[in-house]
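Okay, so here's the structure we're looking at.
The values are calculated or read from the model by the stated rules, or taken from the named source; none is laboratory data. All of these numbers come straight from a predicted model, not from anything done at the bench. Backbone-built Cβ (ideal geometry, glycine too); neighbour counts: all protein chains shown.
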Amino acid sequence: MAQTIDTFGIRMDMRDLDDALLQKTIDNQEAMIVQTPSMQPMIIPVLLQYIAERDRRLNEKIGTIVANVGCCSDEENRVPTHRRASNRDTHETPVKKPAIATLDKVPTSTAASGRSKRVRQTTDHFSTESKPLAVQADKWPKSERSVLLGRMRKHPEFSATITQCEANKAQLIQAARELACPLLVADEAAKGTYRDDSLEVLMRTQMKKVAVADDGYQYDFVRLKEYIRKHIGQRLVSPITKQPMSAQVRFTEPVTNRYGSRVFVGSGVDKVSKYETRTWRPTLNVPKPVA
């Protein structure tokens, strides 16, 4: 039974295709997979249906040929029984010769049932011999990757992906600049490694736990505590405004119950952890009196 497939919203009946057009369609799809390996997941399901239809037609033809050869052999080798011998008391017994099929390598059960063997299609996307651009990118040195990137831009398979990746990277860099801790940025600048256009450098300046100092700006909680402890006994000034500020730091922490589990508020999709604002102040390490 011919199959009906739906390709990009267009329903196609394989019965409308003759054998030549069916084979040409299979060849075109296999060539498309070789040229554009990323489209393999979309093309393979349809391609397998076309191959199954081609095998079904071939098996039907083989089954018809085998059946015709068997019938012709039986009719030619059978001795007619309507002829009478010269002696009416004796009758000739019809002799049958075994039918010899020339296509004995084809199993008749497969031809009769119309089934075909499972066909597995593989591409050379990960072949070391073809070496497509996606495979070459991992082996090229960093100094020559710009040349490969230029080649990939001209390729229709990668141009749109590269453009989207660059737009996503620009958004990540902008967000990393806004969430960078001023103290961590100053540390990178002191080392001489700070670059505001490098995502790798900006990720080292991100606030792992946000805290608000007395000057109203946000800092990394651990780095801000180090800054305040370093200036104990001195005049504490803001790292940004350079104005005096106190050593009080405000931060938030999730609320936990007496068993150490988090407390949540809301239900369903609105269920979130409950947070509370706490205050941190440096303590003096006063030695305990010796008893």
Lone qualifier among ILE33, ILE62, ILE44 - being in contact with a Leu (Cβ under 7 Å, 6 or more places away or on another chain), at pLDDT 75 or above, assigned to a helix (DSSP H, G or I) and outside the structural domain of MET152 (by TED's automatic domain parsing) | ILE62
Exclusive hit being basic (Lys, Arg) and within 23 Å of TYR275 (Cβ to Cβ), set LYS191, LYS225, LYS169, LYS230 | LYS225
Taking the range 221-258 on its own, how many of its residues are without any contact (Cβ under 8 Å) to a residue 12 or more places away in the chain and of a type in the set (A, V, I, L, M)?
-> 2
Could you list all residues from the range 131-151 that are hydrophobic (A, V, I, L, M, F, W, C) and at pLDDT 75 or above?
-> VAL147
Evaluation of LEU202 against (1) within 29 Å of LEU284 (Cα to Cα); (2) surrounded by 13 or more Cβ atoms within 10 Å (Cβ to Cβ) (one fails), failing number = (1)
In the range 254-287, the residues that are within 20 Å of HIS231 (Cα to Cα) and part of a strand (DSSP E or B) | THR279, TRP280
Which one of these does CYS165 not meet: (1) outside any helix (DSSP H, G or I); (2) over 24 Å from ARG281 (Cα atoms); (3) of a type outside the set (Ser, Thr, Tyr)?
-> (1)
Filter result for the condition that a residue is more than 28 Å from the chain's Cα centre (by Cα) and at pLDDT 90 or above, over GLU200, GLU178 = GLU178
Output the number of residues of the range 227-253 satisfying the condition of being under 49 Å from the mean Cα position of the chain (by Cα), assigned to a loop (DSSP other than H, G, I, E, B) and either surrounded by 12 or more Cβ atoms within 10 Å (Cβ to Cβ) or not assigned by TED's automatic domain parsing to the domain that holds LYS274 (or both).
-> 4
